[in-house]
1. Do you know which residues across segment 21-37 are touching a strand residue (DSSP E or B) at 6+ places or on another chain (Cβ under 8 Å), at pLDDT below 75 and not in a loop (DSSP other than H, G, I, E, B)?
2. Using beta carbons and a limit of 6 Å, which pairs, at least six apart or on different chains, have the first residue in segment 192-216 and farther than 18 Å from PRO177 by Cβ and the second one part of a loop (DSSP other than H, G, I, E, B) and of a type outside the set (Asp, Glu)?
3. If you scan segment 182-214, which residues turn out to be at negative phi, surrounded by fewer than 20 Cβ atoms within 10 Å (Cβ to Cβ) and not in a loop (DSSP other than H, G, I, E, B)?
4. Please go through segment 40-75 and give me each residue that is farther than 15 Å from ILE29 by Cα, at pLDDT 75 or above and under 54 Å from the mean Cα position of the chain (by Cα), ordered by number.
Amino acid sequence: MKRAVAALFITTLPFLVAGCKTASNDEAIAGTAPAISWEVCGGDTACESDMRALTAEGKLLSSDGVISQTELTAAFERIKKEKEASESSTESVSESPTEETAQSSSVEPEPAPEPEPAPEPATTSKVQPVPAPETPEPAPEPAPEPPPAPAPEPPQVAPPPPPEAAPKRFEWFMRGPYASLWTCDQAASTWPALTGACFEMPDGAYHWALRQAWPQ
(Lines give C-alpha, C1' and ligand atoms only; values in the text may rest on other atoms or scores of the structure.)
Protein backbone atom coordinates (compact mmCIF):
# COMPACT_ATOMS: atom_id res chain seq x y z
CA MET A 1 0.00 0.00 0.00
CA LYS A 2 2.81 2.42 0.89
CA ARG A 3 4.61 1.65 -2.36
CA ALA A 4 1.44 2.45 -4.37
CA VAL A 5 1.00 5.83 -2.62
CA ALA A 6 4.66 6.72 -3.22
CA ALA A 7 4.43 5.82 -6.88
CA LEU A 8 1.28 7.93 -7.24
CA PHE A 9 3.00 10.93 -5.57
CA ILE A 10 6.06 10.70 -7.84
CA THR A 11 3.83 10.43 -10.92
CA THR A 12 1.69 13.51 -10.08
CA LEU A 13 4.55 15.72 -8.76
CA PRO A 14 5.57 17.22 -12.18
CA PHE A 15 1.98 18.18 -12.90
CA LEU A 16 1.66 19.88 -9.53
CA VAL A 17 4.88 21.87 -10.09
CA ALA A 18 3.81 22.88 -13.60
CA GLY A 19 0.46 24.00 -12.27
CA CYS A 20 2.09 26.14 -9.58
CA LYS A 21 4.47 27.78 -12.10
CA THR A 22 1.64 28.61 -14.46
CA ALA A 23 -0.34 30.19 -11.69
CA SER A 24 2.65 32.32 -10.59
CA ASN A 25 3.19 33.61 -14.13
CA ASP A 26 -0.21 35.34 -13.98
CA GLU A 27 0.75 37.14 -10.75
CA ALA A 28 2.05 40.75 -10.83
CA ILE A 29 5.13 42.14 -9.17
CA ALA A 30 4.05 43.81 -5.95
CA GLY A 31 4.03 47.61 -6.09
CA THR A 32 3.87 47.96 -9.92
CA ALA A 33 1.07 50.02 -11.51
CA PRO A 34 0.27 49.18 -14.26
CA ALA A 35 0.98 45.61 -13.13
CA ILE A 36 4.05 43.82 -14.55
CA SER A 37 4.03 40.03 -14.79
CA TRP A 38 6.06 38.06 -12.27
CA GLU A 39 7.77 36.15 -15.08
CA VAL A 40 9.69 39.30 -16.14
CA CYS A 41 11.98 39.12 -13.11
CA GLY A 42 11.44 35.50 -12.03
CA GLY A 43 11.64 36.43 -8.34
CA ASP A 44 14.83 38.60 -8.62
CA THR A 45 14.43 41.30 -5.95
CA ALA A 46 16.75 43.79 -7.68
CA CYS A 47 14.84 43.44 -10.94
CA GLU A 48 11.52 43.86 -9.15
CA SER A 49 12.81 47.06 -7.52
CA ASP A 50 13.75 48.43 -10.97
CA MET A 51 10.30 47.57 -12.31
CA ARG A 52 8.60 49.40 -9.45
CA ALA A 53 10.77 52.48 -10.15
CA LEU A 54 9.95 52.27 -13.88
CA THR A 55 6.19 52.22 -13.28
CA ALA A 56 6.52 55.06 -10.76
CA GLU A 57 7.96 57.27 -13.56
CA GLY A 58 4.76 56.78 -15.55
CA LYS A 59 6.54 55.71 -18.75
CA LEU A 60 4.59 52.43 -19.18
CA LEU A 61 1.21 52.43 -20.86
CA SER A 62 -1.72 50.94 -18.95
CA SER A 63 -2.88 47.49 -20.01
CA ASP A 64 -6.12 45.65 -19.48
CA GLY A 65 -4.24 42.84 -17.80
CA VAL A 66 -0.78 42.15 -16.50
CA ILE A 67 2.11 43.49 -18.69
CA SER A 68 4.03 40.53 -20.09
CA GLN A 69 7.64 40.29 -21.19
CA THR A 70 6.64 41.00 -24.81
CA GLU A 71 4.69 44.14 -23.89
CA LEU A 72 7.55 45.33 -21.65
CA THR A 73 10.09 44.91 -24.47
CA ALA A 74 7.87 46.96 -26.80
CA ALA A 75 7.59 49.66 -24.11
CA PHE A 76 11.40 49.78 -23.78
CA GLU A 77 11.76 50.31 -27.55
CA ARG A 78 9.21 53.14 -27.46
CA ILE A 79 10.99 54.86 -24.53
CA LYS A 80 14.33 54.56 -26.34
CA LYS A 81 12.95 56.15 -29.52
CA GLU A 82 11.35 59.00 -27.56
CA LYS A 83 14.68 59.68 -25.80
CA GLU A 84 16.60 59.72 -29.11
CA ALA A 85 14.06 62.08 -30.66
CA SER A 86 14.31 64.42 -27.68
CA GLU A 87 18.12 64.48 -27.83
CA SER A 88 18.14 65.17 -31.59
CA SER A 89 15.71 68.08 -31.19
CA THR A 90 17.87 69.53 -28.40
CA GLU A 91 21.00 69.33 -30.59
CA SER A 92 19.23 71.03 -33.52
CA VAL A 93 18.08 73.89 -31.25
CA SER A 94 21.60 74.38 -29.87
CA GLU A 95 23.16 74.40 -33.37
CA SER A 96 20.69 76.88 -34.94
CA PRO A 97 22.04 80.02 -33.15
CA THR A 98 25.55 79.06 -34.23
CA GLU A 99 24.51 78.90 -37.89
CA GLU A 100 22.74 82.26 -37.64
CA THR A 101 25.83 83.75 -36.04
CA ALA A 102 28.04 82.36 -38.82
CA GLN A 103 25.71 83.79 -41.47
CA SER A 104 25.61 87.19 -39.78
CA SER A 105 29.41 87.25 -39.43
CA SER A 106 29.86 86.40 -43.14
CA VAL A 107 27.83 89.45 -44.22
CA GLU A 108 30.23 92.33 -44.81
CA PRO A 109 29.12 95.71 -43.42
CA GLU A 110 28.29 98.37 -45.95
CA PRO A 111 30.89 101.14 -46.17
CA ALA A 112 29.92 104.37 -44.49
CA PRO A 113 29.16 107.26 -46.85
CA GLU A 114 31.99 109.69 -47.31
CA PRO A 115 31.40 113.07 -45.63
CA GLU A 116 30.72 115.98 -47.89
CA PRO A 117 33.48 118.61 -48.05
CA ALA A 118 32.85 121.64 -45.91
CA PRO A 119 31.99 124.82 -47.83
CA GLU A 120 34.85 127.25 -48.22
CA PRO A 121 34.44 130.48 -46.23
CA ALA A 122 33.55 133.52 -48.24
CA THR A 123 36.53 135.78 -48.87
CA THR A 124 36.24 139.38 -47.74
CA SER A 125 37.76 142.34 -49.43
CA LYS A 126 39.56 143.50 -46.31
CA VAL A 127 42.00 141.22 -44.54
CA GLN A 128 42.25 141.84 -40.84
CA PRO A 129 45.88 141.99 -39.69
CA VAL A 130 46.87 139.29 -37.29
CA PRO A 131 48.53 140.79 -34.20
CA ALA A 132 51.95 139.44 -33.41
CA PRO A 133 52.14 137.39 -30.24
CA GLU A 134 53.45 139.30 -27.28
CA THR A 135 56.79 138.17 -25.98
CA PRO A 136 56.61 137.76 -22.21
CA GLU A 137 59.20 139.66 -20.26
CA PRO A 138 61.79 137.49 -18.56
CA ALA A 139 61.32 137.11 -14.86
CA PRO A 140 63.94 138.91 -12.77
CA GLU A 141 66.69 136.68 -11.51
CA PRO A 142 66.71 136.21 -7.75
CA ALA A 143 69.37 138.14 -5.91
CA PRO A 144 72.29 135.98 -4.76
CA GLU A 145 72.24 135.13 -1.12
CA PRO A 146 74.97 136.75 0.94
CA PRO A 147 77.68 134.43 2.18
CA PRO A 148 77.24 133.32 5.77
CA ALA A 149 79.00 135.47 8.29
CA PRO A 150 82.06 133.85 9.84
CA ALA A 151 81.62 132.56 13.33
CA PRO A 152 82.96 135.00 15.88
CA GLU A 153 86.28 134.02 17.34
CA PRO A 154 86.27 133.42 21.06
CA PRO A 155 87.69 136.34 22.98
CA GLN A 156 91.34 136.05 23.85
CA VAL A 157 91.74 135.50 27.57
CA ALA A 158 95.11 136.47 28.97
CA PRO A 159 96.51 134.17 31.63
CA PRO A 160 97.42 135.64 35.01
CA PRO A 161 101.09 136.52 35.51
CA PRO A 162 103.51 134.10 37.22
CA PRO A 163 103.51 134.23 41.01
CA GLU A 164 107.01 135.81 41.21
CA ALA A 165 110.05 136.55 39.14
CA ALA A 166 112.00 133.51 37.97
CA PRO A 167 115.48 132.96 39.50
CA LYS A 168 118.55 133.16 37.32
CA ARG A 169 118.81 130.38 34.73
CA PHE A 170 115.13 129.39 35.35
CA GLU A 171 111.89 130.31 33.60
CA TRP A 172 108.13 130.02 34.09
CA PHE A 173 105.93 128.09 31.65
CA MET A 174 102.21 127.23 31.52
CA ARG A 175 101.57 123.57 32.22
CA GLY A 176 98.26 122.07 30.99
CA PRO A 177 95.53 121.94 29.93
CA TYR A 178 93.71 119.78 32.49
CA ALA A 179 90.07 118.76 32.56
CA SER A 180 89.35 120.48 35.87
CA LEU A 181 90.99 122.58 38.55
CA TRP A 182 91.16 119.54 40.85
CA THR A 183 93.14 117.59 38.25
CA CYS A 184 95.37 120.62 37.77
CA ASP A 185 96.06 120.87 41.52
CA GLN A 186 96.98 117.19 41.63
CA ALA A 187 99.44 117.64 38.77
CA ALA A 188 100.95 120.80 40.32
CA SER A 189 101.57 119.03 43.62
CA THR A 190 103.78 116.47 41.92
CA TRP A 191 105.94 119.02 40.08
CA PRO A 192 109.49 119.04 41.60
CA ALA A 193 109.99 122.80 41.31
CA LEU A 194 107.94 125.86 42.21
CA THR A 195 104.39 126.12 40.82
CA GLY A 196 101.63 128.67 40.78
CA ALA A 197 97.94 128.41 41.57
CA CYS A 198 95.74 126.75 38.95
CA PHE A 199 93.55 128.99 36.74
CA GLU A 200 90.97 128.33 34.05
CA MET A 201 91.39 129.10 30.36
CA PRO A 202 88.90 128.54 27.49
CA ASP A 203 90.41 125.14 26.68
CA GLY A 204 90.99 123.87 30.24
CA ALA A 205 92.89 124.45 33.50
CA TYR A 206 96.60 125.48 33.71
CA HIS A 207 99.23 126.35 36.32
CA TRP A 208 102.60 128.07 36.18
CA ALA A 209 105.62 125.82 36.71
CA LEU A 210 109.32 126.71 37.11
CA ARG A 211 111.91 124.93 34.98
CA GLN A 212 115.56 125.34 34.06
CA ALA A 213 116.06 127.67 31.12
CA TRP A 214 118.09 126.44 28.17
CA PRO A 215 121.24 128.45 27.45
CA GLN A 216 120.90 130.71 24.40
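The values are calculated or read from the model by the stated rules, or taken from the named source; none is laboratory data. All values derive from a computational prediction rather than experimental measurement. Here Cβ is always computed from backbone atoms with ideal geometry, including for glycine, and neighbour counts include all displayed protein chains.
1. If the condition is that a residue be touching a strand residue (DSSP E or B) at 6+ places or on another chain (Cβ under 8 Å), at pLDDT below 75 and not in a loop (DSSP other than H, G, I, E, B), then ASN25 is the only one that fits.
2. Once the first residue is farther than 18 Å from PRO177 by Cβ and sits in segment 192-216, its partners that are part of a loop (DSSP other than H, G, I, E, B) and of a type outside the set (Asp, Glu) give LEU210/ALA193; LEU210/LEU194; ALA213/ARG169.
3. As a first pass, look at segment 182-214 and keep what is at negative phi: 182-203, 205-214.
The next check asks that each one be surrounded by fewer than 20 Cβ atoms within 10 Å (Cβ to Cβ); those that pass are 182-183, 185-187, 189-194, 197, 199-203, 211-214.
Correct list: TRP182, THR183, ASP185, GLN186, ALA187, SER189, PHE199, GLU200, MET201, ARG211, GLN212.
4. Across segment 40-75, the qualifying residue is only GLU57.
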